[in-house]
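Asks: Please find one structure pasted underneath; my questions will follow.
The values are calculated or read from the model by the stated rules, or taken from the named source; none is laboratory data. Everything quoted here is computed from the prediction, not taken from an experiment. Cβ placement follows ideal geometry from the backbone for every residue including glycine, while neighbour counts extend to all protein chains displayed. Just the protein is used for accessible areas: all its heavy atoms, side chains included, with ligands, DNA and RNA removed. Shrake-Rupley method; radii C 1.70, N 1.55, O 1.52, S 1.80 Å.
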Amino acid sequence: MERRFASHPNEVKQFDTERLRKEFHIPVIFAPDELKLVLTHEDRMIVGGANPVNKDVVLTTDLKELGVTYFLERRELGVINVGGKGSVVVDGTEYEIDFKECLYVGQGAKDVIFKSADSVKPAKFYLNSAPAHQSYPTTKTTLAESESGAMGGLENSNERTIHRFIHTNGVQSAQLVMGMTQLKPGSMWNTMPSHTHPRRMEAYFYFDLPDDSIVFHLMGEPTETRHIVMHNEQAVISPSWSIHSGVGTHNYTFIWSMAGDNKRYDDMDPVGMKELQ
């Protein structure tokens with residue numbers, strides 16, 4: 001498991017492109033038959049992926065890094081499948097997880113195994129894990145079952161649908177909040193006007209993006225903005241003090257996840273368009 005340390009905004013002002021990418025960009029989420037994990041000290045979130053192709057993938061890591069005897073002893077887990085049909089086995093119970101379906105795994109689950117139904121079109125399980133102080137039931141949810149809402153408009157190139165999976169009015173968790181935003185054809189902007197939420201960090205995972213397209217992910221303090229170029233199936237870490245917006249050369253889908261002091265999706269500090277620099 002790779003470790004990323006937290007960064008102070010005054011320090012980030014001095015970063016060049018290479019350093020920005022080194023600290024915040026996660027270029028590889030999926031590798032065949034592997035578990036890829038990045039631990040960020042921003043609210044101790046873990047971002048990663050499991051890509052079972054020819055064999056099952058088990059949720060495990062160097063437990064000394066987490067100070068526990070098994071992965072979810074003091075953590076919870078959110079899983080969204082962005083590949084072919086698959087399943088997640090949690091302490092002997094198997095949950096079938098199809099494309100864009102979500103599974104929440106509560107604190108205390110000891111054995112978590114990721115499987116693909118077809119090695120030709122394997123599952124790709126995007127993972128987010130946050131520290132947990134309370135155990136909640138393992139729960140599956142789908143796009144149809146999620147709390148969804150349309151936002152934006154084509155005139156502003158940001159017509160999109162937001163699906164909330166793990167949140168206060170949906171699947172319950174200790175602190176993890178997780179959902180998915182799908183942009184309509186002809187729309188490229190997300191989360192603009194932008195905002196911050198100093199009470200919790202956020203991670204973005206971009207997918208459904210053609211290989212010859214990119215997303216410019218915007219970050220930094222509102223008056224000290226920076227950008228990171230994102231390709232398909234890549235993730236980025238957003239500190240609590242940073243904006244997190246993006247514009248693509250093609251419409252796309254992204255998964256957002258948060259951890260911090262509360263689970264309120266609408267807890268944010270808006271940033272006016274004229275404030276951005």
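Asks: Would you check if ALA150 is hydrophobic (A, V, I, L, M, F, W, C) and closer than 23 Å to MET188 by Cα?
Replies: yes
Asks: Let me ask something else about it. Could you tell me which residue of segment 198-213 is surrounded by the most Cβ atoms within 10 Å (Cβ to Cβ), considering only residues that are assigned to a loop (DSSP other than H, G, I, E, B) and under 16 Å from the mean Cα position of the chain (by Cα)?
Replies: Ranking the qualifying residues of segment 198-213, first place goes to LEU209.
Asks: Another question, if that's okay. I'd like the full set of residues that are open to solvent by 30 Å² or more (accessible area, probe 1.4 Å) and over 24 Å from GLU221 (Cα atoms), limited to segment 176-196.
Replies: GLN182, LYS184, PRO185, GLY186
Asks: Among the residues of segment 1-52, how many are open to solvent by less than 60 Å² (accessible area, probe 1.4 Å) and part of a helix (DSSP H, G or I)?
Replies: 5
Asks: Right, something else. Only one residue in GLY92, GLY78, GLY84 is closer than 29 Å to ALA6 by Cα and not β-branched (Val, Ile, Thr), so which one is that?
Replies: Just one listed residue meets the conditions, GLY78.
Asks: Now for a different question. With respect to GLU233, is the statement that it is in contact with a Lys or Arg (Cβ under 9 Å, 6 or more places away or on another chain), closer than 23 Å to GLY78 by Cβ and touching a residue at least 60 places away in the same chain (Cβ under 8 Å) true?
Replies: Yes.
Asks: Determine if segment 231-241 includes at least one residue that is of a type in the set (Ser, Thr, Tyr) and crowded, with 23+ Cβ neighbours inside 10 Å.
Replies: yes
Asks: Then there's this: If I ask for residues that are buried (at least 21 other Cβ atoms within 10 Å of the Cβ) and either of a type in the set (S, T, N, Q) or without any contact (Cβ under 8 Å) to a residue 12 or more places away in the chain (or both), which ones from segment 252-277 would you list?
Replies: SER257
Asks: Give all pairs with beta carbons closer than 6 Å in which a residue from segment 6-24 that is touching a residue at least 12 places away in the same chain (Cβ under 8 Å) meets a residue that is in a helix (DSSP H, G or I) and surrounded by 11 or more Cβ atoms within 10 Å (Cβ to Cβ); count only pairs at least 6 apart in sequence or on separate chains.
Replies: Going by the 6 Å Cβ cut-off, the qualifying pairs are SER7/GLU23.
Asks: Restricting the first residue to segment 135-155 and requiring it to be under 17 Å from ILE80 (Cα atoms), which pairs with a second residue that is in a strand (DSSP E or B) and open to solvent by 70 Å² or more (accessible area, probe 1.4 Å) meet a Cβ separation below 9 Å and a spacing of at least six or different chains?
Replies: Short answer, once both residue conditions are applied: LYS140/GLU96.
Asks: Looking only at residues that are open to solvent by 10 Å² or more (accessible area, probe 1.4 Å) and in contact with a Ser or Thr (Cβ under 8 Å, 6 or more places away or on another chain) in segment 214-227, which one is farthest from SER242 (Cα to Cα)?
Replies: Selected residue: ILE214.
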